[in-house]
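Enquirer: This structure is in structure tokens; I'll ask about it shortly.
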Amino acid sequence: MTVGENKQQKINKVVIVGGGSAGWMTAAALAKVLGKNYCKIQLIESDQINTVSVGEATIPQISLFNKILGIDENEFVKQTQGTFKLGIEFLNWNKKKGGYMHPFGDHGRSMHAIQFHHYWLKMFNQGLAPDLEQYSLAAVAAREGKFMRSQNMGDSPLSDINYAFHFDATLYAKYLRKFAEKRGVTRTEGKVVDVSLRDSDGFIDSVILEDGQRINADLFIDCSGFKGLLIEKALNTGFEDWSDLLPCDSAVAIPCKPKDPDKLYPFTQSKAQKAGWIWRIPLQHRIGNGYVYPSKYISDEEAVDILTAQLEGEVIGKPNFLRWKTGIRKKTWNKNCVAIGLSAGFVEPLESTGLHLIQSAIAKLMALFPHQGFNQIDIDTFNKQSKTELEYIRDFIVLHYKVTDRDDSEFWRHCQSMKVSERLQAKIDLYQANGRIYREDNELFNETSWLSVMNGQGLVPSGYHPFVDALTDEDIDNRLKHIHKVIQKSVDVMPLQTDFINENCKA
């Protein structure tokens, strides 16, 4: 057999170490795409090890993942006690505004190839237009507790409704486990206690379980969480620390009963505190709550007290503490090991990107799926794309902390003064000059998202695009009023989310 033929030998076995959302999303996707005959897929997880199961809010890209798997959406929502999500409300992130919405979907409509917000900026600054979110179907519907899926209604905003989900992450992993096992994935109960490397090239040869079992594979996927059992402990890959940009390094999660079970609002809430922020995620059977905080400024005991004081109903679980270091592995694919999920890297869940990063890593692995020869260019491409993607997400999250007028604590003063990446600073400067926003390198968050947060955080541009002045104020005013009217009429015909769930996907 020639070297070339050897390189083309297919992967015969994949071992996934770790369950939870990362492990079972990976297993389900591989099983669906590869089928039962391409290669063996084995997932190792231990019932003794708790998974990080607070990733309960998502962004719209999750729908694509569900479609690839061929999942029935109503059944999925039922099985995971899910609700729908049209955006995130940010409260107390600046002094001037009580709160703002980062909605899914556009604001208004572009005119003469110029983004809508330039026209809005001109009129709003003259006191002739309401707040930006009044021109977003998702924002208005979210605040009114309304939800429906897209309808085939031509030019109506109801033809294009972007949404995501809130769900119980533990139930989601169980749901995907059933899906994956039906399609041939083998689950092995056990705890990995050692990893054996090949002498010839340092690749992983096998993992050894507590009961002495040795499990070999061609490709290993590390879904072991922050520990990084394979990518870090076995392969010593190294870590790039971003704590200087995102100082929150801890969280405590405590679920509670809802105050009013009949009022299910379709949005996640993020409420800023003197240090860090509190999340609220509404599910069908409970409210998920958590406090993300910097341990330098807040102790665990204080964090629990601050969170419990703000819970709306009876506590139904013990505090679940999380610790992390913000950043990314120096390689998320090293030799024959790919890290997916928390083992690859982490930025705090402010914009609900955790499950998306798992999904995105799976998609990249599918696109660059190796032969046994493991071409280095494939590995390098995966690592470069993974790092670029996470850097853009990091910068978007840093934006919330950096662009604020809050100076009421040492934490917020630190955030105001911290040095950010050149790329983020350039985006801020560009918007401040004339309201311009550009999406770069297919980054996750588009112009609508950047606009929502920069405007919501109180960043005011000095001007707007000069082409706006090609229309008269009267013409712009008429168009803005028409868009506002269409949005409101569209929301009026939408059902309450509670009614929609009761009819379609009640758990």
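The values are calculated or read from the model by the stated rules, or taken from the named source; none is laboratory data. These numbers come from a predicted model, not from an experiment. Cβ sites come from the backbone with ideal geometry, for glycine too, and all protein chains shown count toward neighbours.
Enquirer: For residues in segment 427-466 being assigned to a loop (DSSP other than H, G, I, E, B) and without any contact (Cβ under 8 Å) to a residue 12 or more places away in the chain, which is farthest from residue 393 (Cα to Cα)?
Expert: 438
Enquirer: Then there's this: I'm checking my understanding of the structure. Among residues of segment 119-145 that are out of contact with any Ser or Thr (no Cβ under 9 Å at 6 or more places or on another chain) and not in a helix (DSSP H, G or I), which one is nearest to residue 434 (Cα to Cα)?
Expert: Out of the qualifying residues, it is 125.
Enquirer: Same structure, new question: Going through segment 52-104 one residue at a time, which ones are of a type in the set (D, E, K, R) and either in contact with a Cys (Cβ under 6 Å, 6 or more places away or on another chain) or assigned to a loop (DSSP other than H, G, I, E, B) (or both)?
Expert: If the condition is that a residue be of a type in the set (D, E, K, R) and either in contact with a Cys (Cβ under 6 Å, 6 or more places away or on another chain) or assigned to a loop (DSSP other than H, G, I, E, B) (or both), then 56, 72, 78, 95, 96, 97 are the ones that fit.
Enquirer: Hey, another quick one. Search segment 146-168 for residues being aliphatic (A, V, I, L, M) and either over 23 Å from residue 56 (Cβ atoms) or part of a helix (DSSP H, G or I) (or both), and hand back the single one that is modelled with the lowest pLDDT.
Expert: Result: 153.
Enquirer: Being exposed (fewer than 13 other Cβ atoms within 10 Å of the Cβ), closer than 27 Å to residue 150 by Cα and either free of Cβ contacts under 8 Å to residues at least 40 places away in the same chain or within 22 Å of the chain's Cα centre (by Cα) (or both): is that true of residue 503 here?
Expert: For residue 503, the condition - exposed (fewer than 13 other Cβ atoms within 10 Å of the Cβ), closer than 27 Å to residue 150 by Cα and either free of Cβ contacts under 8 Å to residues at least 40 places away in the same chain or within 22 Å of the chain's Cα centre (by Cα) (or both) - is met.
Enquirer: Okay, moving on. Which residue, of 171, 176, is at pLDDT below 95, in a helix (DSSP H, G or I) and closer than 30 Å to residue 36 by Cα?
Expert: Every option except 171 fails the conditions.
Enquirer: Please verify whether residue 243 is in contact (Cβ under 8 Å) with a residue 60 or more places away in the chain, assigned to a loop (DSSP other than H, G, I, E, B) and not basic (Lys, Arg), treating the condition exactly as stated.
Expert: For residue 243, the condition - in contact (Cβ under 8 Å) with a residue 60 or more places away in the chain, assigned to a loop (DSSP other than H, G, I, E, B) and not basic (Lys, Arg) - is met.
Enquirer: Another question about this same structure. Which numbered condition in (1) surrounded by fewer than 22 Cβ atoms within 10 Å (Cβ to Cβ); (2) of a type outside the set (Ser, Thr, Tyr); (3) over 24 Å from residue 392 (Cβ atoms) is the only one that residue 282 fails?
Expert: Result: residue 282 fails condition (1) only.
Enquirer: In this structure, does residue 424 turn out to be outside the structural domain of residue 272 (by TED's automatic domain parsing), in a helix (DSSP H, G or I), within 21 Å of the chain's Cα centre (by Cα) and closer than 28 Å to residue 122 by Cα?
Expert: yes
Enquirer: Residue 440: under 30 Å from residue 340 (Cα atoms) and modelled with pLDDT under 95, yes or no?
Expert: yes
This table checks each residue for (1) among the hydrophobic types (A, V, I, L, M, F, W, C); (2) more than 24 Å from residue 282 (Cβ to Cβ); (3) within 23 Å of the chain's Cα centre (by Cα).
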site: 399; (1), (2), (3): yes, yes, yes
site: 414; (1), (2), (3): no, yes, no
site: 433; (1), (2), (3): yes, yes, no
site: 438; (1), (2), (3): no, yes, yes
site: 445; (1), (2), (3): yes, no, yes
site: 454; (1), (2), (3): yes, yes, yes
site: 458; (1), (2), (3): no, yes, no
site: 496; (1), (2), (3): yes, no, no
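Enquirer: Next question, about the same structure. Give the residues of segment 372-412 that are out of contact with any Gly (no Cβ under 9 Å at 6 or more places or on another chain), surrounded by 18 or more Cβ atoms within 10 Å (Cβ to Cβ) and of a type in the set (Val, Ile, Thr), sorted by residue number.
Expert: Correct list: 379, 393, 397, 398.
Enquirer: Output the strands (runs of 3 or more DSSP E) that fall wholly within segment 282-351 and possess 3 or more residues being at negative phi and in contact (Cβ under 8 Å) with a residue 60 or more places away in the chain, or say none.
Expert: It comes to 320-323, 337-339.
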